[in-house]
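Below is the structure I would like to discuss, written out as structure tokens.
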Amino acid sequence: MKKIAIAHEWFASYAGSERVVEQMLAVYPQADLFSLVDFLDPNQRRFIQNKPVQTSFIQNLPFARRAFRQYLPLMPLAVEQFDLSAYDLVISSSHAVTKGVITGPDQLHLCMCYSPIRYAWDLQHQYLRESGSGKGVKGWLVRWMLHQIRQWDYRTANGVDHFIAISDFIARRIWKVYRRRATVIYPPVDVDAFEVTAQKQDFYLAASRLVPYKRMDLIVRAFAQMPDRQLVVIGDGPEMMRLRSLSSDNIKLLGYQSSPVLKEYLQAAKAFIFAAEEDFGILPVEAQAAGTPVIAYGRGGALETVVEGKTGLFFEQQTVEHLIGAVETFEDKPANFDPWVIRQNAERFSVQRFQGEFQAFVEEAWMRFQRGDALE
């Protein structure tokens, strides 16, 4: 039996990439886990089967529990210190540096890539602008650090035998950055956790972490100009105060809500509003699993998960005017969206489908590696 290691960026919460690792472990429960840091609470560890995690030196640095992301300049060095020489197959789960683990010619390295490092490549200028890190001496230091990370990131792509992308959108980004082809395997979405609610209530829903690139401000500003339409916003984050200042009486900002509460709102909403350019986007798929149509910005992963005119609508530009126009179009044709057709589309992204596709890909790659065939 081949010995398997799964290297994940960090274990600090149960979010999108952690759901992928959960299903990797469902397929390969014998795998050992490596991660830069592990700050999961004891009651959060079920998704990794309560396995121990081998961590890097960043785990023990000052303030790492609440500010480990600030150690980004050290992460390339940290990930290179993992000794994976005892493993036949290494699977890196990477949106930043994990694909940089060191492997040898007799080891197969597969990378589940959620994206090349966004803030070092095409989103660098947006990151500098939103973080306020682009000016003065600090700005030049940050730019130099990102320059160094880009060089390291490009070089370490050569250590990956094959990339898996979570969407066609990310496969194109991988090709642009690394000039490497990637196989697309969409992430797992627990569509079975949602029931179809055919009788929708008279409100729109937006839910997300409240950070700038999610463009929740755009949604709130648009609905502030549509006082006869109700909007519910679920989520918390640094943008909350700003959203409150933009809000109006027809908008309810509920803050963080538990998964069962979010599920109830996803099932009851007349439509889910999604204004971000996401790599994939789990929430729009969860909304569709509940039979709820999606009104989304027509870029990124949403183009692959929402079917125009059948399971939702797109707006072309991230502007208030374009979003209002999409809502008005939706209001004119609400009967066009059959909840059961919408649900059927969501089932393309089920957990069972991911497990089957992922295992088939890994086993095929392993057989080819054993035969000495080139992977690309």
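The values are calculated or read from the model by the stated rules, or taken from the named source; none is laboratory data. Worth saying up front: this structure is predicted, and the values here are computed from it rather than measured. So basically every Cβ, Gly included, is an ideal-geometry build from the backbone, and we count neighbours across all protein chains shown.
Which of the residues belonging to the stretch 308-324 are surrounded by fewer than 17 Cβ atoms within 10 Å (Cβ to Cβ), out of contact with any Asp or Glu (no Cβ under 9 Å at 6 or more places or on another chain) and not charged (D, E, K, R)?
Those that are surrounded by fewer than 17 Cβ atoms within 10 Å (Cβ to Cβ), out of contact with any Asp or Glu (no Cβ under 9 Å at 6 or more places or on another chain) and not charged (D, E, K, R): GLY309, GLN317, THR319.
Just to verify a result, which residue in the stretch 60-82, among those that are under 23 Å from the mean Cα position of the chain (by Cα) and of a type outside the set (A, V, I, L, M, F, W, C), is surrounded by the fewest Cβ atoms within 10 Å (Cβ to Cβ)?
ARG66
Now, a different point. Of (1) free of Cβ contacts under 8 Å to residues at least 40 places away in the same chain; (2) over 20 Å from the mean Cα position of the chain (by Cα); (3) not in a helix (DSSP H, G or I), GLU321 satisfies all except one. Which?
Here GLU321 clears every test but (3).
Tell me, which strands (runs of 3 or more DSSP E) wholly within the stretch 120-231 include 1 or more residues that are not assigned by TED's automatic domain parsing to the domain that holds GLU286?
Ranges flagged: 162-165, 182-184.
Those residues that are surrounded by fewer than 13 Cβ atoms within 10 Å (Cβ to Cβ) and farther than 23 Å from GLN225 by Cα, I need them from the stretch 244-263; list them, please.
Those that are surrounded by fewer than 13 Cβ atoms within 10 Å (Cβ to Cβ) and farther than 23 Å from GLN225 by Cα: SER258, SER259, PRO260, VAL261.
Considering the stretch 288-320 alone, what residues qualify as being on the phi < 0 side of the Ramachandran plot and in contact with a Ser or Thr (Cβ under 7 Å, 6 or more places away or on another chain)?
Hits for the stretch 288-320 are GLN288, ALA290, PRO293, VAL294, GLY301, GLU304, LEU313.
Also, I was wondering about something else. Would you check if there is a residue in the stretch 216-238 being under 19 Å from the mean Cα position of the chain (by Cα), over 23 Å from PHE314 (Cβ atoms) and buried (at least 18 other Cβ atoms within 10 Å of the Cβ)?
No - not one qualifying residue is present in the stretch 216-238.
Name the one entry in GLN355, GLN359, GLN344 that is in the same structural domain as GLU308 (by TED's automatic domain parsing), of a type in the set (S, T, N, Q) and assigned to a helix (DSSP H, G or I).
GLN344
Return a yes/no flag: does the stretch 37-44 have any residue that is assigned to a helix (DSSP H, G or I) and more than 29 Å from SER167 (Cα to Cα).
Yes.
Right, another one. Anything in the stretch 122-145 that is modelled with pLDDT of 80 or more and touching a helix residue (DSSP H, G or I) at 6+ places or on another chain (Cβ under 6 Å)? List them, or say none.
The answer is MET145, and nothing else.
What number of residues within the stretch 278-298 satisfy the criterion of being over 22 Å from ALA193 (Cα atoms), touching a residue at least 40 places away in the same chain (Cβ under 8 Å) and among the charged types (D, E, K, R)?
Matching residues across the stretch 278-298 total 1.
Out of the stretch 11-38, which residues are more than 25 Å from GLN359 (Cβ to Cβ) and at pLDDT below 95?
ALA12, SER13
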